[in-house]
């Protein structure tokens, strides 16, 4: 804990006490707290990871809850997955200039710590609007998610993302509770090359086999699903992936942040 | 009339001579090949030499430019953007086809010292031979030995894409005549060993002046060394490095400079933008005595002329009021209502060189982009600043930056909404 006022021991002790109370309150309430001591101009800074990563929480929310319209939710996603994404922004596999700038000088250890913070956050999922689509489209979406389409060499989403579609520790994210816009734009990004993963990039293969109509269908079906009470990712080893994926240790270049 | 004709003829003659000179091939003697080199392959394998070269390559931060985003270190490909086009840094690994595998030390030395490539071609000064010419031959040999010890990576770095006439390498003859003179570093016997070491590092391998001095319309610099300047295209302002009166680092102690270079943060400010990368990849690994030497040298830079009086903008009073409100609401929690910051955590804004640069670029971009100071051994989990690009519009950013630049003891001029608009749309390199 840092007490940074340098204005005498008595004040220091008073502030230490105030800060201790504030930190206790913060740990109980889970909310950012700053101990404001009257008559002292220097701000007091909680020595917490949440305080350190204000740059992340400014957009993604204090607990990684995200915003409905733009900034993706991070809360509860598997830690390995989140750490990999930070590494991908660093290596330019994922393209979004503000994120690339943000993570540029972070160390792998710090990125893992940040990823673990967001992975541990428990935030209720909120429903987001799904476009009104004909039943046939949603049925196609369900088919893709649960059975795949062997004719087009498309494995089911469940094949990797787990029977419950809530992801698999430590590297596979869940697909439920995410907005339609987010899901469809991620699949689109894989097709345009602004999002990629360690080679062999099986999601790129799949996204390129999907038609635009399929992307709409599967995104809409996933976004319309209820999130189960236990939305945690399944334990490691719960799936036998149908494709060789770099993120799952398949292929040669599975290293985090490694270029393809 | 007759006199005019004479002048015209003289000009024609000059053009003809220059044209002939430009059109003929390189007249420089080719450097010896690898087999004929005075430096044998065995000499280059000396582990002590390789280790020393590794340190010097770190001091020179070769890896930053010579590595593509996410690519293998030293294999080249990162494009340096310039107002004349972009110049990708070549592959420095000892791959024979795409790297330095066929280079002799003599060829490497000529590139570093004279800015001339292996086949006699003039090198673009995106490669800072204007500074590296002061690197000693011994140090160059160590760096070469280190580079030759790297695993060879087959990777074509690409060729420059420059506008006419800059795409003609011969056009560099004129540029070099004005801006470049090959020459060794000359120690000043009247100064201490530390000062001389610092000057050697700053002026040579550290190539600090390449960013920290203004460039003119032709991309050369004739400005006072280390007096600060806008980095073209990237649009950051590399501050004046003087620590005496009116210097960009006025009041910085030796320790402040060492702290910033070693940890990315000091009591006077934090490294961000391009300097964060320099600290992360280079200066944090430098030996303490070298950092002390650099600080000693910077402390000796002469006082600077007083800046012009603080300008004003229309609506200054209303802007200042608005800026003060935003500051209290968004900034004071971390930087303090008196701009003092929090030691070791958040940099002060009162007297901070990044706030006070003449163009206001750094403060505007810091507010828009936020970010982390570099992660270093001395600061492995830095506190960060939120980006405000999504939360504040151009007018509000201009107001708060203008407020900060004029608050407390700060006396820098206000910035304008149109500046914020511009830097909001500057691509992040």
- Message: Taking the criterion of being more than 10 Å from every other protein chain (Cβ to nearest Cβ), crowded, with 23+ Cβ neighbours inside 10 Å and either touching a strand residue (DSSP E or B) at 6+ places or on another chain (Cβ under 8 Å) or not in a strand (DSSP E or B) (or both), would at least one residue in segment B:383-393 satisfy it?
- Response: no
- Item | Enumeration of residues in segment B:320-334 that are closer than 16 Å to residue B:399 by Cβ and within 11 Å of chain A (Cβ to nearest Cβ) | B:330, B:331, B:332
- Scope segment B:62-91; condition within 16 Å of the chain's Cα centre (by Cα), within 14 Å of chain A (Cβ to nearest Cβ), within 20 Å of residue B:117 (Cα to Cα) and touching a residue at least 24 places away in the same chain (Cβ under 8 Å); matching residues: B:63, B:79
- Which members of segment B:344-382 meet the condition of being within 7 Å of chain A (Cβ to nearest Cβ) and within 13 Å of residue B:236 (Cα to Cα)? B:369
- Query: Which of (1) under 14 Å from the mean Cα position of the chain (by Cα); (2) surrounded by fewer than 16 Cβ atoms within 10 Å (Cβ to Cβ) is the odd one out, the single condition residue B:186 does not satisfy?
  - Reply: (1)
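Within 21 Å of residue B:360 (Cβ to Cβ), out of contact with any strand residue (DSSP E or B) (no Cβ under 9 Å at 6 or more places or on another chain) and not in a helix (DSSP H, G or I), is that true of residue B:306? First the steps, then the outcome.
Values: within 21 Å of residue B:360 (Cβ to Cβ): yes; out of contact with any strand residue (DSSP E or B) (no Cβ under 9 Å at 6 or more places or on another chain): yes; not in a helix (DSSP H, G or I): yes.
Taking the combined requirement at face value, the residue satisfies it.
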- Message: When you scan segment B:108-129, do you find a residue that is within 14 Å of chain A (Cβ to nearest Cβ) and assigned to a helix (DSSP H, G or I), even just one?
- Response: no
- Message: I need the helices (runs of 4 or more DSSP H) fully contained in segment B:158-275, keeping only those with at least 2 residues that are farther than 21 Å from residue B:85 by Cβ.
- Response: B:193-203, B:254-263
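Any idea how many residues of segment B:318-332 are modelled with pLDDT of 95 or more and either surrounded by fewer than 20 Cβ atoms within 10 Å (Cβ to Cβ) or on the phi > 0 side of the Ramachandran plot (or both)?
8
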- When (1) within 14 Å of chain A (Cβ to nearest Cβ); (2) in contact (Cβ under 8 Å) with a residue 24 or more places away in the chain are applied to residue B:316, the one that fails is (1)
- Message: Looking at (1) buried (at least 19 other Cβ atoms within 10 Å of the Cβ); (2) closer than 27 Å to residue A:62 by Cα; (3) away from chain A (no Cβ under 14 Å), which one does residue B:402 not meet, given that it meets all the others?
- Response: (2)
- Candidate set from segment A:52-71 (those that are in contact with a helix residue (DSSP H, G or I) (Cβ under 7 Å, 6 or more places away or on another chain) and more than 9 Å from every other protein chain (Cβ to nearest Cβ)); member that is surrounded by the fewest Cβ atoms within 10 Å (Cβ to Cβ): A:62
- Note on the structure: Just one listed residue, out of A:49, A:106, A:74, A:86, is under 23 Å from residue B:388 (Cβ atoms), facing another protein chain (nearest Cβ under 8 Å), modelled with pLDDT of 95 or more and in contact with a helix residue (DSSP H, G or I) (Cβ under 6 Å, 6 or more places away or on another chain), and it is A:49
- Item | Given (1) away from every other protein chain (no Cβ under 14 Å); (2) in contact with a helix residue (DSSP H, G or I) (Cβ under 6 Å, 6 or more places away or on another chain), number of the condition residue B:288 does not satisfy | (2)
- Message: For segment A:76-176, give me every one of the helices (runs of 4 or more DSSP H) that falls completely inside it and has 3 or more residues that are surrounded by fewer than 18 Cβ atoms within 10 Å (Cβ to Cβ).
- Response: A:108-119, A:135-146
- Boolean, residue B:114 is surrounded by 15 or more Cβ atoms within 10 Å (Cβ to Cβ) and closer than 25 Å to residue B:248 by Cα: no
- Query: Taking segment A:177-193, which residues are buried (at least 19 other Cβ atoms within 10 Å of the Cβ) and assigned to a loop (DSSP other than H, G, I, E, B)?
  - Reply: A:177, A:178, A:179
- Query: Do we have residue B:271 as closer than 30 Å to residue B:416 by Cβ, buried (at least 22 other Cβ atoms within 10 Å of the Cβ), in contact with a strand residue (DSSP E or B) (Cβ under 9 Å, 6 or more places away or on another chain) and not assigned by TED's automatic domain parsing to the domain that holds residue B:413 here?
  - Reply: yes
- Item | Residue check for residue B:22: farther than 30 Å from residue A:88 by Cα, surrounded by fewer than 21 Cβ atoms within 10 Å (Cβ to Cβ) and at pLDDT 95 or above | no
- Could you list, in sequence order, all residues of segment A:194-235 that are surrounded by fewer than 15 Cβ atoms within 10 Å (Cβ to Cβ), closer than 22 Å to residue A:170 by Cβ and modelled with pLDDT of 95 or more? A:235
- Item | Meets criteria (surrounded by fewer than 20 Cβ atoms within 10 Å (Cβ to Cβ) and either closer than 19 Å to residue B:411 by Cα or in the same structural domain as residue B:398 (by TED's automatic domain parsing) (or both)) for residue B:315 | yes
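The values are calculated or read from the model by the stated rules, or taken from the named source; none is laboratory data. Computed from a predicted model, the values in this text were never measured in an experiment. Reconstructed Cβ throughout: ideal geometry from the backbone, glycine too, with neighbour counts over all protein chains shown.
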